[in-house]
Structure formats: C-alpha cells, structure tokens
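Scroll down for the structure; my scribbles are underneath it.
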Amino acid sequence: MGWRLEARATLDTAGRRLDICGVGNDSATRDKFRDFLSKSGHKVTGPRLAIFEAAMARTEHFTAEDLLDFAREIDDTVSRATIYRTLPIMIKSALVREVDIGKGEKYYLPNANNNAHVAQVICLDCDRIFEVNAPFLEWYASTIASKLGLSPVTQRLQVSARCEALRKTGVCERRAGKGKRPKG
C-alpha cells in the first residue's frame, strides 16, 4: 500500500512503538482517547494505542482491514478482533468518523477538529470519498426536524457523482492504476 508513518516513536517496555505523532495526532488527542477508554471501562492497552496511532496518522479514508495493516506496522500483536472492538470505541469518542457509502464496507477517517458537519461526495468511477465542510447541515437538520416536531439526532449528506474527466476523455487520474474506464 505504500503507507508509512513519518514520525518520532517511543517504545514501551515491550519494545512496541506507542508515541507516534502523525496527522491529527497530538498528545491532547491521545490523552482524550486514553481518558475515554478509562471512563468507559476499557483497558488502555498497547494494541489499542497502536490502533489509535495508526488511525490518527491517516489523511484519507480507510477500512477496518486497512487499519489492521497500518496498526500491525506499529504493533505486530494487534489482532483483527481488537480492530473491530476498538473502532466503535473510537467512533463513540468522536475521534474517528464512520462513513457508509452503501457498498457493504464501512470507511473511517480521523475526525479533525470534531467536525461532524461534512458532506461526502462519492465518485462512482474511482470509489474515492471526498469530504467537504458543510456547516449548514446542523441548521438545515434543525430547521427541517423542528417543522415536523422532531429533534435531530444525526444528519448526513452524501452525493454520488461521476468523474467528468473520465466521461470526456476516458481517463480518470484518481482511479487506481490511473487508467482508462474498464471494459464491460
């Protein structure tokens, strides 16, 4: 995948890297995760911290399986089960956002600045997910819900789109392999 952490690392007593400073990953965020684990009755473990570090270092959407690979580069004892148990904790702590594009597999992204007001634009040609700040979402959800006598709990805006360059030229620069439209 070509994923590499470029950061400083601190080893724990077992020699595992724990203190990775990547994108969206600072000591305050790490402390928030540790506090959330403790307050919600979960143990703070090396594998959980490795999962946190790997997730926070990401700048693009990733799947649980991607995260497993990333986390194992930090701590090879991370298990698939720990990934699937830790992701909901990270979502509940608001440190990671889950994105469901309706294809059966969920995607995740660090929640920069706790920004819950984003719209996703999903390219149907290259399967990329683009996130756009959408501060109007909270207002829109509140306005619509209140007119119906309801209170919004969550809101989501997703746009499915086609690549203009692919449509016009037959080539999409964002597509894996940067190639032409597949035949068929």
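If I model a spin label at Val121 and Arg85 as a point 7 Å from the Cα along the Cα→Cβ vector, what separation in nanometres do I get?
Result: 4.1 nm between the two label points.
Quote the FRET efficiency, to the nearest 0.05, computed for Glu60 versus Leu148 with a Förster distance R0 of 25 Å and r equal to the Cβ-Cβ distance. Display every interim value, and only then the final one.
On the way: r = 36 Å, r/R0 = 1.45.
About 0.10, to the nearest 0.05.
Estimate the FRET efficiency between Phe136 and Lys32 by the formula 1/(1 + (r/R0)^6), using the beta-carbon distance for r and 22 Å for R0, to the nearest 0.05.
On the way: r = 27 Å, r/R0 = 1.24.
Once the sixth-power term is evaluated, E becomes 0.20.
Could you tell me which of the pairs Lys106/Lys168; Lys92/Lys168; Lys43/Lys106 are separated by over 32 angstrom between their Cα atoms in the structure shown? Working shown, then result.
Details: Lys106/Lys168 30 Å; Lys92/Lys168 42 Å; Lys43/Lys106 25 Å.
Long pairs (Cα-Cα over 32 Å): Lys92/Lys168.
Taking segment 66-124, which GluC sites (Glu not before Pro) meet the DSSP loop condition and have no more than 11 other C-beta atoms within 10 Å?
On the way: sites: Glu73, Glu98, Glu105; in loops: Glu105.
Answer by residue number: Glu105.
Restrict the search to segment 21-80; then list the trypsin sites (Lys or Arg not before Pro) that DSSP places in a loop and that have at most 16 other Cβ atoms within 10 Å of their Cβ. Show your work: numbers first, answer last.
Numbers: sites: Arg30, Lys32, Arg34, Lys39, Lys43, Arg48, Arg58, Arg72, Arg80; in loops: Lys43, Arg58.
Here the trypsin sites (Lys or Arg not before Pro) that fit, given the DSSP loop and packing criteria, are Lys43.
Taking every pair of alpha-carbon atoms in segment 115-178, what share in percent sits in each 10 Å bin, from 0 to the bin with the longest distance?
Answer for segment 115-178: a P(r) of 21, 35, 23, 15, 6 percent.
Convert each backbone phi in segment 94-110 into a coupling constant with the Karplus relation 6.51 cos²θ - 1.76 cosθ + 1.60 (shift: θ = phi - 60°), then list the ³J(HN,Hα) values in order as whole Hz, x for Gly and Pro.
6, 8, 10, 10, 9, 10, 10, 9, x, 10, x, 10, 8, 10, 9, 7, x
Values in this text are rule-based calculations from the coordinates and carry no lab data. Predicted model only: the values in this text are computed from it and were never measured. Because the Cβ atoms are built from the backbone with ideal geometry, glycine has one as well, and the counts that use them run over all protein chains shown.
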